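Novice: Sharing a structure here in C-alpha cells format.
Read the figures in this text as sums done on the coordinates, not as results from a lab. Note that the structure is predicted; figures quoted are calculated from it, not measured.
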Amino acid sequence: MKKLIAGVILLGLLGACSNKKAKIDPFASITQEVDSIRHKADSIHLDELPEDPQPIQADESFDDFIYNFASDDVLQRQRVKFPLPYYNGDKKANIEERNWKHDNLFTKQHYYTLLFDKEEDMDLVGDTSLTSVQVEWIFVKTRMMKKYYFERIKGAWILEAINLRPIERDENEDFVEFFGRFAVDSLFQSRRIREPLIFVTCDPDDDFSILETTLDRDQWFAFKPELPSERLSNINYGQRNDDNSTTKILALKGIGNGFSNILYFRRKAGGWELYKFEDTSI
C-alpha cells in the first residue's frame, strides 16, 4: 500500500513538472498553514496550555473517528483546536470555543458520498497509517467547497482549520456541473448512460459471490439509487481529485444500514457518461 501511495505521489509530481499550464491549487496556502501549525511555537505560556487530547480506540481508523466526532458533542469540542481558523475565500476569522456550534457533518443522512479518480485509490479507505485527512462538502448549485482539515497529533485526530471557497470552472464539462444535472434531470440522465450499462451486484444464490451482468436504460431507472442533488460529501484520504481526470467514481456509503452503491463515470468527447453501476448492499 505504501508503495502504491508513493507511486501515485511520484506520478503526480512528474505530471505537474511536465504540464506548463498546471493549475494552482486554491487550497495550497491554507494546506501549508495547517501543516505548519505543529511546528510553530505557541505564544501561550506552557503552564496555560490544555492537556493533549488522549487517543481513543476510534482514532485508529479515521472513518470510526469522524463518526464519533460528528455524533458526540463533548468529543467534538475536545478535538477542535480553538481558536479555530475559518477561511471564507481570502478572509480569515477565528472561531472561539464559546461560539462553536456542534457540526453533525453527514451523520444525519442515510448515506454519505466519496469521490475518487481511480479504483486503486479506494484502497486508502481504512488506512490506519494516515496522519492528514480533509472532509469536504461540495455544494452543487452554488459551486462552493467547504473543507475541514484534520491532523493526527500524538495519535489523536484534531480539527485544525475550515476553508470555504468557490469551485473553479473548467473549459471542459466539469464533474460537479454534470452531476448536478444528472441527479435531477431524467431525460439528461438517460442520454448520459452507456447502454448496456455494466451492473455488478451480489449473487442472489450465493451471498459470498459477486455477479456481473448488464442493464438497459429502463432497468437502470428501476435499480438506481436516490442521488444527492444539493451537495456531495467527500473524505480526502490522500487520493487525487483532478479536474482533468477522464474517470470519476462516486461511492454512496450507508451509515449503519448496509447500503453500498458505486457509480463509475468516464469522460467521452468532452462529456461525462455513467458506464458501470455497482450495488453490493447487504
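Novice: Determine ³J(HN,Hα), in whole Hz, for all residues of the stretch 74-87 in sequence, where each value follows from phi through the Karplus function 6.51 cos²θ - 1.76 cosθ + 1.60 and θ = phi - 60°; x replaces Gly and Pro.
Specialist: 5, 4, 4, 5, 5, 9, 10, 7, 8, x, 8, x, 10, 9
Novice: May I ask you to derive the relative contact order of the stretch 207-279, considering only C-alpha pairs under 8 Å and at least 6 residues apart, and to give it as an integer percent?
Specialist: Reported as a whole number, the value is 18 percent.
Novice: Pop out the ³J(HN,Hα) list for the stretch 151-160 in order, Karplus 6.51 cos²θ - 1.76 cosθ + 1.60 with θ = phi - 60°, rounded to Hz; leave Gly and Pro as x.
Specialist: Per residue, the Karplus-derived 3J(HN,Hα) values read 10, 8, 10, 6, x, 10, 6, 10, 7, 10 Hz.
Novice: Mind listing the phi-derived Karplus ³J(HN,Hα) values for the stretch 101-118, rounded to whole Hz, using 6.51, -1.76 and 1.60 with θ = phi - 60°, and x for any glycine or proline?
Specialist: With coefficients 6.51, -1.76 and 1.60, one gets 10, 4, 10, 7, 6, 9, 6, 8, 9, 6, 7, 10, 10, 10, 10, 9, 8, 9 Hz.
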